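What follows draws every value from the coordinates through simple rules; no lab data is involved. In this text, all values refer to a predicted model and were calculated from it rather than measured experimentally. With ideal geometry, Cβ positions are generated from the backbone for all residues, glycine too; neighbour counts draw on all protein chains shown.
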């Protein structure tokens, strides 16, 4: 342990003679590694168990899910739940729910990327009167719980006749209302060397040119983390669509999922779980494809320019 | 319709009576609201909670209505029960409630008192075919805010197959609490604790309410106060004191493990006391072939304390622009026999006699209808719409009684805890 913790410590000559870090710590290392992996695997199993339960249950008949049934696998293995789930609800096909979720999620990503990056550029690179006050106000909106603004916001959209459209769900994204992403990008941009813009300015570039040709390409990691988070948040959002959408044709997946379970009538847990599995796939794929960039995005933000 | 509207307009404008105008809410043009024609139909929004099955049935009913009423289009929306009330609360605050809504009794007083719902007595809905004892449950201070679509009644569910396998005779439909307790104990003992008798029925608010009625006590007084004493409550919880912790009653730990399914739906108990319209849910959850219903126990064989409760109501928004269209749709949904044929008992047993008689019931539907017929002679007036905050009281009743089962509270402590909460809540809403 000591050798591991303080490798630079000077050792007596006698000891140093047969000191071979590789051979001596090999045993300790193996034990430590075994313990580490055992603990990590145990934790992974605990964390992943609900996922495994979900996948296993999606192949079970409804009466064998939950309640007194404790076994993970069922002998009555079937794809029936997926068939029911794909049938849709109340005349709306499941494909429609997927499309709606995708429209909302992609709309959210595009809107956030466009608006947050421009606002972040203004906060990070342009000196205008009241900049720090505006920046402070923007940060302050992070502290405002969503539940406080639900009703005033609903009244505004209701008066504008925009309820039951996607506008209330997307307009905020296009107007940089997600202060978290603006803040993330401002912090990222502040770490980019100012000399780059100065050089561009000397070459005669204006703000638009500096933003599009210099800043945007350099901000790729921040843009990607923003896309991933806003995609996932929008994909999982329940309350916003619940309040603003009325027509089942416009419902995204999280609303549709709840329709399988009705405590006042019969609940089809099987179909709900099967649909959860299907709903999880796009997010999982999105994450797997971009996960490399998440790590990159987070780690680059810590670097000093 | 047009003629009636013109007539009303003429009367309203002609007399220029302030009272008549005030009765029209904003004092707008006509009391019937805007009406449409076949070429230019009006669109009303109708919203309900429920699953896929209900959505499908409602879609059929709407199509039928639109076919018969070409001047009205109905735009149907639905969500799950929990989301439904979140959405209504926001809409009510924002003034955007849908024209017609499916409603639950426990929210009626709350929204009715805040003038969010239309007084359906001012529009034309035929209630002749309704049982007179049922309509008051949709009324508050003389105003009709909700029309019941259907009714449910309290019952003891049991699984005949389980009883047969244990060699226990099916209940004959009359039992005292002592006999009921013995029955539960028998189930627990004969199955060696594999199957419990029931959940602790003293933890079910409505069962307590029925017991109070059996003893001629009203749960709430007319002015919204508690009608029973702490001693009544202690006496009630003492009913099963000897059974707690025995195989007659399933432990609270086990109930929690089984959630979200009920112990009865999980095939862990042989009986359950609850509303008779949960039949379809229990059948689906348990996978049982057949479930049966028996009346609740009572120590007074002539007074079972039972009543029909609206399992669901239809209401309209106070701000709807299409009062006439909304009224016609509600009338159709509660009275039309073909609608009954579409829904069967999935909303409960149809409340209107016209609709009930026009519907053929088979299988489980018939069981529920027959049960309500069999208890007809014992039925008393339905209670008034529950007080504001009733949902909280019901939940706290369940929680306190579950703590009792966990052994965290004594019966005295449980009664004290519940009364304190109830009195605070009633004071707050007074």
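Treat each spin label as a single point 7 Å out from the Cα along the C-beta direction, and report the residue B:373 to residue A:288 distance in nm. Here the answer is 5.9 nm between the modelled labels. If you average the sequence gap of Cα pairs under 8 Å that are 6 or more apart and divide by the length of chain A, what percent do you get for the contact order? Relative contact order, chain A: 27 percent.
Please report the relative contact order for chain B, taking Cα pairs under 8 Å with a sequence separation of at least 6, and give it as a percent rounded to a whole number.
For chain B, the relative contact order is 24 percent.
Each peptide in B:404-414, B:313-323 gets a packing score, the mean of other Cβ atoms within 10 Å over its residues, and the list from highest to lowest is B:313-323, B:404-414. Going by Cα centres, segment B:133-203 and segment A:196-267 are how many Å apart? For segment B:133-203 versus segment A:196-267, the Cα centre distance is 51 Å. For a paramagnetic label modelled on residue B:218 (point 7 Å from Cα along Cα→Cβ), amide N atoms under 17 Å away belong, within segment B:76-114, to B:109. With Rh defined as the Kirkwood radius, the inverse of the mean 1/r over Cα pairs, the Rg/Rh of the protein assembly as shown is 1.05. A simple spin-label model places pseudo-atoms 7 Å from Cα toward Cβ; at residue B:230 and residue A:249 they are separated by 6.0 nm. Could you please state, rounded to a whole Å, how far the C-alpha centre of segment A:43-92 is from the C-alpha centre of segment B:212-282? Between the Cα centre of segment A:43-92 and that of segment B:212-282, the gap is 31 Å. Peptide B:72-81 is shielded by partner chain Cβ atoms: per residue, an average of 5 of them sit within 10 Å of its Cβ. In this calculation the C-beta distance from residue A:216 to residue A:175 is compared with R0 = 30 Å, giving a FRET efficiency of 0.95.
Spin-label model, residue B:60/residue A:114: points 7 Å from Cα along the beta carbon direction are separated by 4.6 nm.
Its Cα gyration tensor gives segment B:372-426 an equivalent ellipsoid. The semi-axes, each the square root of 5 times an eigenvalue, are 28, 17, 9 Å from largest down.
When A:278, B:304, A:144 are arranged by Cβ crowding within 10 Å, least crowded first, meaning fewest neighbours, the order is A:144, A:278, B:304.
Hey, with R₀ at 35 Å, roughly what FRET efficiency would residue A:140 and residue A:86 work out to, going by the Cβ-Cβ distance, to 0.05?
On the way: r = 45 Å, r/R0 = 1.29.
It comes out at approximately 0.20.
The ranking of B:212, B:97 by Cβ neighbour count inside 10 Å, starting from the fewest, reads B:212, B:97. The residues B:172, B:424, when put in order of fewest to most other Cβ atoms within 10 Å, stand as B:172, B:424. Each distinct pair of alpha carbons in chain B adds a 1/r term; the inverse of their mean, the Kirkwood radius, is 23.3 Å. Of the peptides B:99-112, B:280-293, the order by per-residue mean of other Cβ atoms within 10 Å, starting with the highest, comes out as B:99-112, B:280-293. What is the angle, in °, between the Cα long axis of helix B:2-15 and the longest principal axis of the Cα atoms in chain B? Nearest 10 is fine, range 0 to 90. Between the helix axis and the principal axis of chain B, the angle is about 80 degrees.
Mean projection of the alpha-carbon convex hull of segment A:126-222 over all orientations, in nm²?
Values: hull surface 33.5 nm².
If I average the Cα hull's projected area over directions, I get 8.4 nm².
Angle check, please: helix B:177-190 long axis (alpha carbons) against the longest principal axis of chain B (alpha carbons), in degrees 0 to 90, nearest 10. Approximately 60 degrees, to the nearest ten. Volume per residue of the convex hull around the Cα atoms, evaluated for chain A, comes out as 235 Å³.
Using only atoms on other chains, find how many Cβ atoms lie within 10 Å of each Cβ of peptide B:96-103 and report the average.
The shielding value for this peptide is 1.
Peptides B:130-141, A:247-258 ranked from most to least packed by the mean count of surrounding Cβ atoms within 10 Å: A:247-258, B:130-141.
How well do other chains shield peptide B:282-292, expressed as the mean number of their Cβ atoms within 10 Å of each residue Cβ? Intermediate values should be presented prior to the final figure.
Numbers: counts 1, 2, 7, 8, 2, 4, 1, 0, 0, 0, 0.
Averaged over the peptide's residues, the number is 2.
Mind listing P(r) for segment B:86-181? All alpha-carbon pairs, 10 Å bins, whole percents. Each 10 Å bin holds this share of Cα pairs: 11, 33, 19, 16, 16, 4. Counting only alpha carbon atoms, the long axis of helix B:390-406 and the longest principal axis of chain B meet at about 10°.
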